[in-house]
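Working notes, structure below.
The values are calculated or read from the model by the stated rules, or taken from the named source; none is laboratory data. All values reported here derive from a predicted model rather than from experimental measurement. Every residue, glycine among them, receives a Cβ derived from its backbone with ideal geometry; neighbour counts consider all protein chains shown.
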């Protein structure tokens with residue numbers, strides 16, 4: 001670590017160049033400018049150059065000294081360890097990159113709220129008495145051809161309330177909440193999740209039952225070891241201290257059933273989540289169909305802007321599989337990162353990768369390069385599990401200059417994918 005004093009007009013980093021050091025401003029003022037993100041700010045404190053956390057990622061901003069400034073320069077190999085011991089700087093970085101994503105979204109998509117108003121007033125004339133949220137609900141059901149549970153469902157709320165009571169040490173009250181939950185419309189993963197917490201409550205009340213309850217869970221649910229809640233369960237019955245990721249799950253982690261809507265387009269939002277396992281679809285719905293925007297899976301952040309300010313959701317997000325996730329709310333972001341800086345650092349890296357994806361996608365690429373990049377981004381396993389039709393692939397891969405039959409012909413001839421009997425694509 002080196003401390004340096006820089007005079008005004010000194011350029012510390014140029015946008016698009018490799019970052020050599022993490023920069024920590026101790027005194028003075030720096031100007032940051034990002035032409036790609038359309039973002040500009042003056043900073044009298046803060047941390048810069050965290051792109052070096054991920055090899056090969058170049059700076060998203062230029063950094064210029066405005067007045068005499070004293071900074072600390074930290075070498076690449078020391079950065080991660082340093083940040084893990086300084087959670088306040090990790091929180092600062094999360095907010096910094098979210099600001100850049102907000103600016104970039106405005107640059108790419110404009111005013112989302114105004115766009116939703118225009119939709120309500122023009123595109124959906126047949127639904128002129130419905131708001132954007134109701135339109136999303138209506139056409140989700142029509143185009144997906146099934147009933148979806150809402151995260152606001154009474155039974156899911158009982159589960160969340162029970163978890164909060166458990167964390168508050170109100171074990172008997174938590175057990176009563178878990179006992180009220182009806183499982184008839186949910187998958188086995190959600191049933192297992194609730195039974196684990198119910199059994200944990202029973203163990204804390206009557207410890208002598210712990211091995212019997214563990215054996216019953218293992219026999220009833222072959223997949224039980226996949227659940228973070230069961231890892232918590234095992235730590236409790238063996239009196240082992242919880243590792244930090246399990247502490248984070250205990251405080252803010254939840255399992256949601258498959259086919260659950262987390263939020264609809266147009267809803268107000270003040271929370272986000274990180275996926276631990278499973279995947280979600282991010283889509284827009286209208287009378288014309290479903291437009292698939294993304295499939296997000298392990299360690300992806302969803303709805304991150306809501307951690308920073310109240311916003312209208314720009315799309316409908318719903319589970320395709322059982323989903324284990326960490327819920328990130330405005331009022332718990334700081335405590336989550338303080339208690340588990342490693343979790344915060346994962347968020348920082350994912351936000352950087354989000355920006356890097358948009359920057360790469362904006363660079364000149366031919367069709368072959370775009371296709372290869374997107375298949376690599378999502379992974380063949382996720383794509384095949386999602387059973388996507390060609391129209392969904394075009395939307396997901398942001399391919400606007402090719403017709404469906406042209407893409408199908410290319411995929412077949414290049415031996416990249418083949419057609420299943422249900423009309424979906426299987427990548428080879």
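Among the residues that make up the stretch 413-422, is at least one of them more than 30 Å from residue 244 (Cα to Cα) and part of a helix (DSSP H, G or I)?
First pass over the stretch 413-422, keeping only residues more than 30 Å from residue 244 (Cα to Cα): 413-422.
Cutting the leftovers down to part of a helix (DSSP H, G or I) gives us 413.
Checked the stretch 413-422: at least one residue is more than 30 Å from residue 244 (Cα to Cα) and part of a helix (DSSP H, G or I).
Would you call residue 394 touching a helix residue (DSSP H, G or I) at 6+ places or on another chain (Cβ under 8 Å), over 21 Å from residue 54 (Cβ atoms) and assigned to a helix (DSSP H, G or I)? The answer is yes for residue 394. Inspection of the stretch 319-336 finds a residue satisfying the criterion of being farther than 26 Å from residue 54 by Cβ, buried (at least 23 other Cβ atoms within 10 Å of the Cβ) and touching a residue at least 40 places away in the same chain (Cβ under 8 Å).
Against the definition (farther than 20 Å from residue 173 by Cα and in the same structural domain as residue 166 (by TED's automatic domain parsing)), how does residue 198 come out, yes or no? So residue 198 does not fit the description; no.
Among the residues of the stretch 7-61, what is the count of those that are part of a strand (DSSP E or B), closer than 15 Å to residue 73 by Cβ and modelled with pLDDT of 95 or more? Full working, then the answer.
Filtering the stretch 7-61 down to residues part of a strand (DSSP E or B) leaves 11-13, 21-34, 39-43, 46-48.
Restricting the remaining residues to those that are closer than 15 Å to residue 73 by Cβ gives 11-13, 21-28, 30, 46-48.
After this cut, where a residue has to be modelled with pLDDT of 95 or more as well, the list is 11-13, 21-28, 30, 47-48.
Residues that pass the stated criteria total 14.
How about the stretch 386-401: which of its residues are over 10 Å from residue 425 (Cβ atoms) and touching a residue at least 12 places away in the same chain (Cβ under 8 Å)? The answer is 391, 394, 395, 396, 397, 398, 399, 401. Among the residues of the stretch 250-268, are any part of a strand (DSSP E or B) and surrounded by fewer than 19 Cβ atoms within 10 Å (Cβ to Cβ)? Checking the stretch 250-268: at least one residue is part of a strand (DSSP E or B) and surrounded by fewer than 19 Cβ atoms within 10 Å (Cβ to Cβ).
When residues of the stretch 217-232 are filtered for being farther than 16 Å from residue 276 by Cβ and in contact with a helix residue (DSSP H, G or I) (Cβ under 8 Å, 6 or more places away or on another chain), how many remain? Walk me through how you get there before you give the answer.
As a first pass, look at the stretch 217-232 and keep what is farther than 16 Å from residue 276 by Cβ: 217-222.
Next cut, in contact with a helix residue (DSSP H, G or I) (Cβ under 8 Å, 6 or more places away or on another chain) only: 217-218, 220-221.
Within the stretch 217-232, residues that are farther than 16 Å from residue 276 by Cβ and in contact with a helix residue (DSSP H, G or I) (Cβ under 8 Å, 6 or more places away or on another chain) number 4.
Within the stretch 306-313, is even one residue more than 12 Å from the chain's Cα centre (by Cα) and surrounded by 22 or more Cβ atoms within 10 Å (Cβ to Cβ)? Looking for residues that are more than 12 Å from the chain's Cα centre (by Cα) and surrounded by 22 or more Cβ atoms within 10 Å (Cβ to Cβ), one finds at least one in the stretch 306-313, hence yes.
Checked against (1) under 18 Å from the mean Cα position of the chain (by Cα); (2) in the same structural domain as residue 300 (by TED's automatic domain parsing), residue 249 passes all but condition (2).
Checking the conditions here, which among 244, 291 is surrounded by fewer than 22 Cβ atoms within 10 Å (Cβ to Cβ), at pLDDT below 95 and farther than 20 Å from residue 166 by Cα?
Just a single option satisfies the conditions, and that option is 291.
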